[in-house]
Each structure stands twice: as structure tokens, then as C-alpha cells.
Amino acid sequence: MRAAADVCRRSLSSVIRRSCSLYCTDQSSRVKIFDRNLKRKQRDRAAWLMSPKDSLLDAVAENLLDRLEDCKKTFPTALCMGGSLEAIRRLLQGRGGIEKLIMMDTSHDMVKLCKQAEQSSPNKNVETSFIVGDEEFLPVKESSLDLVISCLGLHWTNDLPGAMIQSRLALKPDGLFLAAILGGETLRELRIACTVAQMEREGGISPRLSPLAQVGDAGNLLTRAGFSLPGVDVDEYTVRYNSALELIEHLRTMGETNALLQRSKILKRDTALATAAVYESMFAAEDGTIPATFQVIFMTGWREHPSQQRAKRRGSATVSFKDIQKQFGGGS
């Protein structure tokens, strides 16, 4: 009986491994920085608070989608996951030759919002479907997509390299990965104001803003995930608010408030008021408005294909730099 049970157990394990290998999910990461359940609830709230058009989200989405116009090939099947889903859907406007678009988010309410928007103003010639799913456990079969887009969503994943690896596996050969994440200089004014206020009122600091990737990390992330022809560029957006409280309200409508597991769950009233006062005293303009910086890192990568350009083998050059220098008179 025990031997038979062992055989059944091994058979079941092999079946599970085979079925899991059909999908791109990788559950190996145990590092937990963010509370994903809290982030889902924050995005549920954002779905109810979000305005029909947000100038910041629209600007980032437009910048990201512009990259599709630089590509000669088309992407019939695309996945858009997390972040600014509705902005991507609304601004797509036929770019990339997309015929089938899958919209995915961890938030049921956010998916519902996108579905309602699609019904009221559908994208012509694009078959759009909606699923609830997690970027950390991508529910997509391997080699099934031509394009993966993530606009301001991946910086909340606990395993960013793992999520990018899953995205690469979901792509067909010569498929394109497009992503925009918030960079480390985002909300630097708020970080300074929070630190000064907490030191003054509480005698120490606790994490109020999440850690974000630095520009230098983005290229390494693409390479580590196995993408070929990686590309990274950065843009900064400065948004002006009437007060620090208006900034916080905007972050709520975007679903970008604190979701750290090790966060302090209580913010004292006098600390909050001190943060607003420090913010305004240090950064306010003559008209009384305050600036907030949003650094956005744009990443592009391709799944490997034989037709792609490759660097030649080291040592294969036939002309030395010394000869070139002599030929063009650069020796002086």
C-alpha cells in the first residue's frame, strides 16, 4: 500500500509539473516587500476615485505607446497588465496593429471599470477581453503573445525580475516587452518633507514611501530577465498642486499610496500637518503651488529570435583602432 501511494504521489507531482510548465508562473521568490492584498484594495478604491482622464497617466501612456510607432512589425495579440490600463486602452488608437487585446489587473473593480469604458467607447477592429490576474503569477500560456505592455504597475511587484522573466516567456519569439515604472527620484520632495517632519516630531523615521528602482538598475533587470536588444530611457514629469493634501489625494486616485509590509500603520496628525508645512516652506513657488516630481523609467526588450541583430564575436574585428586613428589624422 505504501509503495502504491508513493507511485501515485510521484505521478501526481509529474502531472502538476507538466501542467505548470505550460504557463509562465514562477513561484520561487520568497522576498516580500509589498502587501499585494493591500495594493489590490488600493486599486479597488482607485477605480472608484479615478477621473475619466488624468494628465499624468495619459502623458506616460502616450510616451510608452509612441514606441510602437517606431516598430515596423505588427503585434496581433497583446497583453496589458496592471497600472494605467484605461489610459493605454483609450490612447492605443490602432498603434501596433493589435487585433486582440487582453486587459489584466489584480483589482476586480479596475477590470470592471475598463470593461465599462470599453462598452461605452470601444476600440475599433480590436477584440478586447478582460481577466483578473497577478503580474507575479502570470496566468498566460508560454509563447502565446506578440506584445506585453505594463504602464506604471510593475514597481509594486515583490519579484520584479521574476515578473519580467514571466513576461518574456509569455512572448512569442521576436515578441516585444514594453514597460514604464516609477524611478527612485519619484516624489523626492515628499520624501524630504516626510523625513524632516518625522525627525522633528517623532525623533526618528519610518518608511512612508516605497523603495523604487534606480535608472542604472533597469538595464540590468532587462538583461537578467533574458531580453535581447534591451533599451532604457528616462523622463521626469513635474506636477503642481495647491497643497500637499491635494498631492496625497491624487496618489490615492492613482492607487500609488504606501503598500509596504513593514510600514507604520499609524500616521500622527501633528506629523502629517508638519509634513505639509515643511513641504510648502521648502518647495512652494511664488504662486503658492508645490511641485511633485515623477521619474518614469521606460524599458523595452525583445524575446530572442534568429533575425535580430547580434554583437559579433570578440576578436573578430579586421581593422584596429590605431589604423583608423592614423587614417583620419587623429594621431596629433
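The values are calculated or read from the model by the stated rules, or taken from the named source; none is laboratory data. Bear in mind that the values here come from a model prediction, so they are computed numbers and not experimental data. With ideal geometry, Cβ positions are generated from the backbone for all residues, glycine too; neighbour counts draw on all protein chains shown. The protein model used for the area step is the full one, side chains on, heavy atoms only, and it has no ligands, DNA or RNA in it. Shrake-Rupley method; radii C 1.70, N 1.55, O 1.52, S 1.80 Å.
For the stretch 245-262, check the following and say yes or no: at least one residue is among the polar types (S, T, N, Q), within 19 Å of G183 (Cβ to Cβ) and not in a helix (DSSP H, G or I). Spell out the reasoning first.
Initial filter on the stretch 245-262 (among the polar types (S, T, N, Q)): 253, 257-258, 262.
Okay, now just the ones that are also within 19 Å of G183 (Cβ to Cβ), so 257-258.
Within this subset, residues satisfying the condition of being not in a helix (DSSP H, G or I) are 257-258.
The answer is yes, given that some residue of the stretch 245-262 is among the polar types (S, T, N, Q), within 19 Å of G183 (Cβ to Cβ) and not in a helix (DSSP H, G or I).
Do any residues in the stretch 167-186 that are farther than 12 Å from W302 by Cα have Cβ atoms under 7 Å from those of residues that are open to solvent by 30 Å² or more (accessible area, probe 1.4 Å) and outside any strand (DSSP E or B), where the two are at least six apart or on different chains, and which pairs are they?
That search, which allows pairs on different chains as well, returns L182/L212; G183/L212; G183/Q214; G183/V215; G184/L212; G184/Q214; T186/L212.
Go through the residues of the stretch 34-42 one by one and say whether even a single one is surrounded by fewer than 18 Cβ atoms within 10 Å (Cβ to Cβ) and touching a Leu at 6+ places or on another chain (Cβ under 8 Å).
No, the stretch 34-42 contains no residue that is surrounded by fewer than 18 Cβ atoms within 10 Å (Cβ to Cβ) and touching a Leu at 6+ places or on another chain (Cβ under 8 Å).
Within the stretch 65-118, which residues are of a type in the set (V, I, T) and open to solvent by less than 20 Å² (accessible area, probe 1.4 Å)? Write out each step before concluding.
Initially, the stretch 65-118 is screened for residues of a type in the set (V, I, T), giving 74, 77, 88, 98, 102, 106, 111.
Correct list: I88, I98, V111.
Given the structure, is L57 out of contact with any strand residue (DSSP E or B) (no Cβ under 6 Å at 6 or more places or on another chain), touching a residue at least 24 places away in the same chain (Cβ under 8 Å), open to solvent by less than 40 Å² (accessible area, probe 1.4 Å) and under 15 Å from H155 (Cβ atoms)?
So L57 fits the description; yes.
In this structure, is T293 under 16 Å from L190 (Cα atoms) and either surrounded by 14 or more Cβ atoms within 10 Å (Cβ to Cβ) or more than 28 Å from the chain's Cα centre (by Cα) (or both)?
Working: under 16 Å from L190 (Cα atoms): yes; either surrounded by 14 or more Cβ atoms within 10 Å (Cβ to Cβ) or more than 28 Å from the chain's Cα centre (by Cα) (or both): yes.
Here the answer is yes, as T293 does meet what is asked.
Does any residue in the stretch 220-231 that is without any contact (Cβ under 8 Å) to a residue 40 or more places away in the chain come within less than 8 Å, Cβ to Cβ, of a residue that is of a type outside the set (S, T, N, Q) and surrounded by 15 or more Cβ atoms within 10 Å (Cβ to Cβ) six or more places away or on a different chain, and which pairs are these?
T223/P230
Could you tell me whether I149 is buried (at least 24 other Cβ atoms within 10 Å of the Cβ), under 19 Å from the mean Cα position of the chain (by Cα) and within 26 Å of H305 (Cβ to Cβ)? Outline the logic, then answer.
Working: buried (at least 24 other Cβ atoms within 10 Å of the Cβ): yes; under 19 Å from the mean Cα position of the chain (by Cα): yes; within 26 Å of H305 (Cβ to Cβ): yes.
Taking the combined requirement at face value, the residue satisfies it.
Is it true that some residue in the stretch 137-145 is closer than 16 Å to I88 by Cα and either surrounded by fewer than 22 Cβ atoms within 10 Å (Cβ to Cβ) or in contact (Cβ under 8 Å) with a residue 12 or more places away in the chain (or both)?
No, the stretch 137-145 contains no residue that is closer than 16 Å to I88 by Cα and either surrounded by fewer than 22 Cβ atoms within 10 Å (Cβ to Cβ) or in contact (Cβ under 8 Å) with a residue 12 or more places away in the chain (or both).
Can you confirm whether the stretch 2-22 contains a residue that is outside any loop (DSSP other than H, G, I, E, B) and either at pLDDT 90 or above or aromatic (F, W, Y) (or both)? Break it down stepwise before answering.
Taking the stretch 2-22 first, the residues outside any loop (DSSP other than H, G, I, E, B) are 2-21.
Right, trim to either at pLDDT 90 or above or aromatic (F, W, Y) (or both) and you get none.
No, the stretch 2-22 contains no residue that is outside any loop (DSSP other than H, G, I, E, B) and either at pLDDT 90 or above or aromatic (F, W, Y) (or both).
Across the stretch 178-217, what is the total count of residues that are assigned to a helix (DSSP H, G or I), modelled with pLDDT of 90 or more and of a type in the set (D, E, K, R)?
Qualifying residue count, the stretch 178-217: 4.
Which pairs turn up if I take residues in the stretch 293-310 that are free of Cβ contacts under 8 Å to residues at least 24 places away in the same chain and at positive phi and look for partners that are in a strand (DSSP E or B) and open to solvent by 20 Å² or more (accessible area, probe 1.4 Å) with beta carbon separation below 6 Å, at least 6 apart in sequence or on another chain?
none
For residues that are under 23 Å from V215 (Cβ atoms) and of a type outside the set (V, I, T), tally how many sit in the stretch 131-165.
Narrowing the stretch 131-165 to residues under 23 Å from V215 (Cβ atoms): 135, 148-165.
Those left that are additionally of a type outside the set (V, I, T): 135, 150-156, 158-164.
The total comes to 15.
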